[in-house]
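Asker: Please see the structure below; I have some questions.
Please treat every number below as a calculation from the coordinates, not as lab data. This structure is a prediction, so every number in the text was calculated from the model and none was measured. Cβ: placed from backbone, ideal geometry, glycine included. Neighbour counts: every protein chain shown.
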4 protein chains.
Amino acid sequence: MDLSDSLGIAVLGLGRMGRFHAANLAAGVPGARLAAVAEADAALLAEAAARWGAARSHGSVDEALADPDVDAVIVATPTPTHADIVAAAARAGKHIFCEKPIAQDPKVVAAACRAAASVTLQVGYQRRFDPSFERAHDLIGAGAVGAPYLIKLTGHDLQPPPLEYLRASGGIFRDMAIHDFDMARWLAGDEVAEVFAAGAARIQPEVASLGDVDVAATVLRFRGGCLAVVDNSRQSPPGYDVRVEVYGPDGHVVVGEQTLTSVTVWRQGGGQRDPVHPWFTERFADAYRREIEDFAACVRRGSPPRVRGEDDLAAISIAGAATRSLRSGRAEAV
Amino acid sequence: MDLSDSLGIAVLGLGRMGRFHAANLAAGVPGARLAAVAEADAALLAEAAARWGAARSHGSVDEALADPDVDAVIVATPTPTHADIVAAAARAGKHIFCEKPIAQDPKVVAAACRAAASVTLQVGYQRRFDPSFERAHDLIGAGAVGAPYLIKLTGHDLQPPPLEYLRASGGIFRDMAIHDFDMARWLAGDEVAEVFAAGAARIQPEVASLGDVDVAATVLRFRGGCLAVVDNSRQSPPGYDVRVEVYGPDGHVVVGEQTLTSVTVWRQGGGQRDPVHPWFTERFADAYRREIEDFAACVRRGSPPRVRGEDDLAAISIAGAATRSLRSGRAEAV
Amino acid sequence: MDLSDSLGIAVLGLGRMGRFHAANLAAGVPGARLAAVAEADAALLAEAAARWGAARSHGSVDEALADPDVDAVIVATPTPTHADIVAAAARAGKHIFCEKPIAQDPKVVAAACRAAASVTLQVGYQRRFDPSFERAHDLIGAGAVGAPYLIKLTGHDLQPPPLEYLRASGGIFRDMAIHDFDMARWLAGDEVAEVFAAGAARIQPEVASLGDVDVAATVLRFRGGCLAVVDNSRQSPPGYDVRVEVYGPDGHVVVGEQTLTSVTVWRQGGGQRDPVHPWFTERFADAYRREIEDFAACVRRGSPPRVRGEDDLAAISIAGAATRSLRSGRAEAV
Amino acid sequence: MDLSDSLGIAVLGLGRMGRFHAANLAAGVPGARLAAVAEADAALLAEAAARWGAARSHGSVDEALADPDVDAVIVATPTPTHADIVAAAARAGKHIFCEKPIAQDPKVVAAACRAAASVTLQVGYQRRFDPSFERAHDLIGAGAVGAPYLIKLTGHDLQPPPLEYLRASGGIFRDMAIHDFDMARWLAGDEVAEVFAAGAARIQPEVASLGDVDVAATVLRFRGGCLAVVDNSRQSPPGYDVRVEVYGPDGHVVVGEQTLTSVTVWRQGGGQRDPVHPWFTERFADAYRREIEDFAACVRRGSPPRVRGEDDLAAISIAGAATRSLRSGRAEAV
């Protein structure tokens, strides 16, 4: 491979996700290289450059967007900055991988999509790149169980975030269930027509005062008649628990739990299996690497990415309908 | 054991379930014996007496109820006859095990419960006697996961019954989901306040003309705030699929699928596990035996049975609310 | 079914296994009936007749063998009596199901086989009738993995028997591993040429003084080149542990562990599965019923049984070679 | 972290394993950096330097050993060169991570160990760093099942190597089973006293002419009495199959199969699980990263590595005894 011919990627923002992407690029993403890092914090910037060998360090996003060696950017800055950076990057002719969501407001998301029409824009719904979810999707697409008529999705976090975070989160549907809504759409291959949601504040009773819940059950009805049921919880002592089952006339596909190891200890009383992954960063480590590999490949081929801005828009719209249903007690149109 | 001291049980009706119960009694139920069989069909009656060694054969239910050697009856006649036989048996002072449901009309069930107040009346929700479901119930009761806040129940049949059967079935909620509703109540240890149901006719499109569906998702909200999600399907090519998961603050209990054997064949492409049980008779063979053992023990001890007439009443009422919700598109009170 | 036409079976001996067989016959074995029970203990005899409805009760084996209503016998008396009863039953023209082993001495087994040449003689290696082992056998026979070249068998008991029992047991290979040797022959479809065995007294060190071991590893080489590895232990706190794996050029078949229920409890630290069956009577309850069903069917059809006297002879001979190898430290011919 | 203070590691040899280690170092190994690469092939060398950002490129091992910026080396050159490089690196004062084996001849291994006495020498038995095997080891060490008395190890390759490779491999025990022998020692916490091995040429009959086998069963007896059984096969269509079970008086620990995904497809006939990892590089990707992390940590702390040269010596000696036993038909002392 001629490295000078590879896609020069700049990582914008060196928080947890930015550092994760930088390390993956340093380890080697076919057809791509870590061209630059951008971060206002000088110490973080210096360490990242040394650790992962980025050719250039920029103290600001604008500087990075002006760098001619940068072909594409990974937007890993705080969420409220995403939409503006997407627009600016598109104006600078850079291809864009943006962490999810672009914004919580569907109108802002839609505007960002329009602004980025001339470049490749991929959004970070990384579950679509998890080998298990991808395999389920491909099996269904190949007709393994026939046309889906029932999808069940489980998404439970290890433990709830601080109330302060929840206050700005947009609620459990926009913050957590949105990943399941995106997965449901992808697996169903269809758009959601209406949503019913129920919930309760059982883990942190204080969330009730925010108008939020921390245990929720959501029923989606797709235009073509497929049903989906999503259950979410902010607390799961065994670990981060993300699973799915897809039923069709010929059977069902299961994405089961993934334990940290394949160890079981059998003693009097039964067999103790190891816990599941504690958190999404561990559970989806492969997916975070693979989504960037696919982004680089799509840009180089000029093909559309697996997760477009419009997918973010659809998911955020379902989350809005679920939020309305929680209050109305009836199914709400998306 | 002095067999003359054992509980004399008459099996009323020698259809599939009656024969099942007769064979279990013949193989030995502690503290009980097969005292009599009653059946209008003379050939069935003669064969049953010979095969399972029943001491007496009766050509009618009335004759059996008049038999002084009969202490208790198993009502395994067609459903529309249940309520009257329950009342008559109670008048005759016989203890009663009645196959579910007592009736589809809650008022009729309530009346039968009142009529049987002086005897032991147990209803045939056999899943409560399945070793796996019973173990889940006991673990939850022992506080294994804390107070439940989310219960997920799956109930899929191998294949749909004929349309003719469906016409008289009362719909998917009264006919199928009712078992899940009973299980949800038992596991939650609480009563259902309201129900939302969604469904579609995807397997036999003709059921739509009956106002029925064959794929359904139901959300229950219990008085204490626990949520339950039930999914049902009339068709499941891998076999009869009944599972449950119960979540609380400290973890979750899973009753998983049960395969016919513990065999897996690993070849290129993966590992093929054996199918699950084809039908409820196989899946719950143990439960059908154990519910009669427990019935006999309850009668002999004078203790209340695990499944009372009131449980049938509660389940049929939830099914009614689900049926209403399917039409209204909103949560309905039970 | 005309019951008078069914096979009249007498159960000889009403210890644990005899009572087990009597209960199964009472519950219904197609084409067979419990014609008689024979037992020296009068109380046991009376109770069995009442409980399982046997038509006749005999105070001795001889009396039962003289009963013209008895077509076949189940020999469930103490092991040292088996060979003589087999010969006497054959002389009386009765078909024979004999609990294993016929005898510990291969010569005595061979003589009993010759004596019973004119009737059907089946030996109680019940594992061959376990649905999982049978399925594995059938899959291999159908070529699922090609011609087997490696078989691994595990047989661990819940807890060791008293030393007194062990003293007369013939050692771990004749007493325990013999079931695995029979299974290995059946799955390989071949005869064992030589055996290497190693062992240690680790659970009850006193067994060393009997020249016995309580943990053992045995390697079998079949004539056709297939290898088998058997591991045995007299103690297994998680429960009775019997498994097998069969490898061929196209993959492998696994008979895995069987837990009491399908329940798993997930909490902080992992998922607790329920224990396996505690003992062989629970683990092989189905097999004990199915072996008698098959015996009755074979007798009625006049077809050879699945487990012949010669199979007992082969297994006991392998056990003898393993016992020799334990001492010699080298592979021994069978 | 001050990177100038980190351990400078040179990767010697840029074949498959060398490139693997270089990529892992580039992605970030705490306390270490990729200081240099050494390789005779100029194109490989140039590409590696560009791709992984190695500070220096050396055309020979000698040049790398003379580089003052190099604190430690990873020996990933062809096996016959290992022993000499280990000695040279030790003379140059470099710490050493050497791919296994150091040599096939125990005497050469012993000499290399002596030569490297003054530096840290770790050998690449990477399975000890696999999260599942490590967890099993730690559980056993913590007394989860008591003192081990039986260990069962399975090691099957996806497909056999070319005969040419086999000719120089030293046979199945030195080439394949050696990993299982090392694992058995580590899990037992004891040394092997004697070995019995049986085998057959079933996959590539031509290996018989090399005096080798391609299916093997080996029984190890440890000094303390623990038994181990190892089974190996050169072909496994479902994928690379490495598992272990360790039994003690209180239960057993299982390291089970690891499938590529957590997907199961349930259809008529059963549930199809995804295949296991195809090859050791995929199965042990984590282990290859973690062994280098631990090596770096040990060097920095001055603590002994998890796998020492003496462990390689012990494993190669067991393999030699197994090879002798295969011919003699009796247990051989190590």
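Asker: Which chain B residue sits with its beta carbon nearest the axis carrying B onto D, and how many Å away is it, rounded to a whole number?
Answerer: B:Gln272, 3
Asker: OK, next. At q = 0.25, 0.26 Å⁻¹, what base-10 log of I(q)/I(0) does the Debye formula yield for segment A:19-77 when every alpha carbon is treated as an equal point scatterer in vacuo?
Answerer: -1.10, -1.19
Asker: Still on this structure: Count, for each residue of A:125-134, the Cβ atoms from other chains sitting within 10 Å of its Cβ, then give me the mean as a whole number.
Answerer: The per-residue average across the peptide is 2.
Asker: Among D:Ala331, D:Ala321, D:Phe280, flag the residue with its Cα farthest along the positive direction of the charge dipole of chain D, charges on Cβ as +1 for Lys/Arg and -1 for Asp/Glu.
Answerer: Ranked along the dipole, the leading option is D:Ala331.
Asker: GNM on chain C, C-alpha springs below 10 Å: top fluctuator among C:Ala297, C:Ala27, C:Ala168?
Answerer: Of C:Ala297, C:Ala27, C:Ala168, the Gaussian network model singles out C:Ala168 as fluctuating most.
Asker: If you take the C-alpha gyration tensor of segment A:3-119, multiply each eigenvalue by 5 and take the square root, what semi-axes do you get, largest first, in whole Å?
Answerer: Result for segment A:3-119: semi-axes of 23, 15, 12 Å.
Asker: Let me ask another. What are the principal axis extents of the Cα atoms in the protein assembly as shown, in Å, biggest first?
Answerer: Principal extents (largest minus smallest coordinate, Cα): 98, 81, 42 Å.
Asker: Okay, next question. Taking a ≥ b ≥ c as the square roots of the eigenvalues of the Cα gyration tensor of segment A:106-207, is the shape rounded (a/c under 1.5), prolate (a/b larger than b/c) or oblate?
Answerer: Cα axes put segment A:106-207 in the oblate bin.
Asker: Rg to Rh ratio, segment B:202-246, alpha-carbon atoms and Kirkwood radius?
Answerer: That ratio is 1.08, to two decimals.
Asker: For D:Ser169, D:Ser132, which order do you get if you count the other beta carbons within 10 Å of each Cβ and list the fewest first?
Answerer: Arranged by neighbour count, lowest to highest, D:Ser169, D:Ser132 become D:Ser169, D:Ser132.
Asker: Compute, for chain C, the length of the dipole vector about the Cα centre, with Cβ point charges of +1 (Lys, Arg) and -1 (Asp, Glu) only. Units Debye, rounded to 20.
Answerer: Using only the charged Cβ atoms, the result is roughly 440 debye.
Asker: Right, something else. Along Cα→Cβ at 7 Å, what distances in nm separate the C:Thr81 label point from those on the other copies, shortest first?
Answerer: Spelled out, the distances from C:Thr81's label point are 4.7, 7.9, 9.0 nm.
Asker: In nm, one decimal, shortest first: how far is the label point of C:Ala55 (7 Å from Cα along Cα to beta carbon) from the matching points in the other copies?
Answerer: Nearest first, the other copies' label points are 2.2, 9.7, 9.7 nm away.
Asker: Suppose a student asked you for the relative contact order of segment C:3-119, using Cα pairs under 8 Å spaced at least 6 residues apart; what percent would you report?
Answerer: 24 percent
Asker: Counting each DSSP H run of 4 or more residues in chain C as -39500 (n - 2.57), what helix-only mean residue ellipticity at 222 nm follows after dividing by all residues, to the nearest 500 deg cm²/dmol?
Answerer: -10500 deg cm²/dmol
Asker: Tell me, in nm to one decimal, what length is gained between A:Glu310 and A:Glu206 on full extension, where the rule is 0.36 nm per residue of separation less the Cα-Cα distance?
Answerer: Roughly 34.0 nm would be gained on extension.
Asker: Could you tell me which of B:Ala27, B:Pro68, B:Ala103 has its Cα farthest along the dipole of segment B:3-119 towards the positive end, charges placed at Cβ (Lys, Arg +1; Asp, Glu -1), taken about the Cα centre?
Answerer: B:Ala103
Asker: Karplus couplings for segment A:124-138 from phi (6.51 cos²θ - 1.76 cosθ + 1.60, θ = phi - 60°), rounded to Hz, Gly and Pro as x?
Answerer: My calculation for segment A:124-138 gives x, 7, 6, 4, 5, 9, 5, x, 6, 5, 4, 5, 4, 4, 5 Hz in order.
Asker: Also, quick follow-up: Given H placed 1.01 Å from N in the peptide plane, which residues other than close sequence neighbours of A:Thr120 have an amide H under 5 Å from its amide H?
Answerer: A:Ile96
Asker: For chain B, modelled as a Gaussian network with Cα springs under 10 Å, which listed residue fluctuates most, B:Ala43, B:Ala200, B:Ala22?
Answerer: Of B:Ala43, B:Ala200, B:Ala22, the most mobile in the Gaussian network model is B:Ala43.
Asker: Do you know the relative contact order of segment D:235-279, to the nearest whole percent, from alpha carbon pairs under 8 angstrom that are 6+ apart?
Answerer: 40 percent
Asker: Using the Cα atoms of chain A, I'd like the radius of gyration and the largest Cα-Cα distance, Dmax, both in angstrom.
Answerer: Looking at chain A, its Cα Rg and Dmax stand at 20.5, 66 Å.
Asker: Where q = 0.14, 0.21 Å⁻¹, what log10 of I(q)/I(0) comes from the Debye formula for segment C:185-334, counting one point per Cα?
Answerer: Values, matching the q order: -0.97, -1.36.
Asker: How many Å³ per residue does the convex hull of the Cα positions in segment B:123-265 occupy?
Answerer: 130 Å³
Asker: Determine the shielding of peptide D:22-35 by partner chains: average, over its residues, the number of Cβ atoms on other chains within 10 angstrom of each Cβ.
Answerer: 3
Asker: Further, regarding this structure: Rounding to the nearest 20 debye, state how big the charge dipole of the protein assembly as shown is about its Cα centre with +1 on each Lys and Arg Cβ and -1 on each Asp and Glu Cβ.
Answerer: Roughly 0 debye for the protein assembly as shown.
Asker: Just need the relative contact order of segment A:59-178 here, percent rounded to a whole number, with Cα pairs under 8 Å and 6+ apart.
Answerer: So the answer I get is 18 percent.
Asker: Just how large is the dipole of segment B:3-119 about the Cα centre, in debye to the nearest 20, putting +1 at every Lys and Arg Cβ and -1 at every Asp and Glu Cβ?
Answerer: Rounded to the nearest 20 debye, it is 300 debye.
Asker: Return the Cα extents of segment B:100-140 along principal axes one, two and three, sorted largest first, each rounded to a whole Å.
Answerer: 34, 23, 15 Å, listed from the longest principal axis down.
Asker: Shortest first, in nm, what separates the label point of B:Thr281 from those of the same position in the other copies (7 Å along Cα→Cβ)?
Answerer: Nearest to farthest, the other copies are at 2.9, 5.5, 5.7 nm.
Asker: Can I ask one more? Find out how many positive minus negative residues lie around B:Ala321, taking Lys and Arg as positive, Asp and Glu as negative, among other residues whose Cβ is under 10 Å from that of B:Ala321.
Answerer: Value of the local net charge: -1.
Asker: If you add up the charges near B:Gly309, with Lys and Arg at +1 and Asp and Glu at -1, over every other residue whose beta carbon is less than 12 angstrom from its beta carbon, what do you get?
Answerer: Cβ neighbours under 12 Å give a net charge of 0.
Asker: Taking the alpha-carbon set of segment C:240-305, what are its Rg and Dmax in Å?
Answerer: Taking only Cα atoms of segment C:240-305, I get Rg and Dmax of 17.7, 59 Å.
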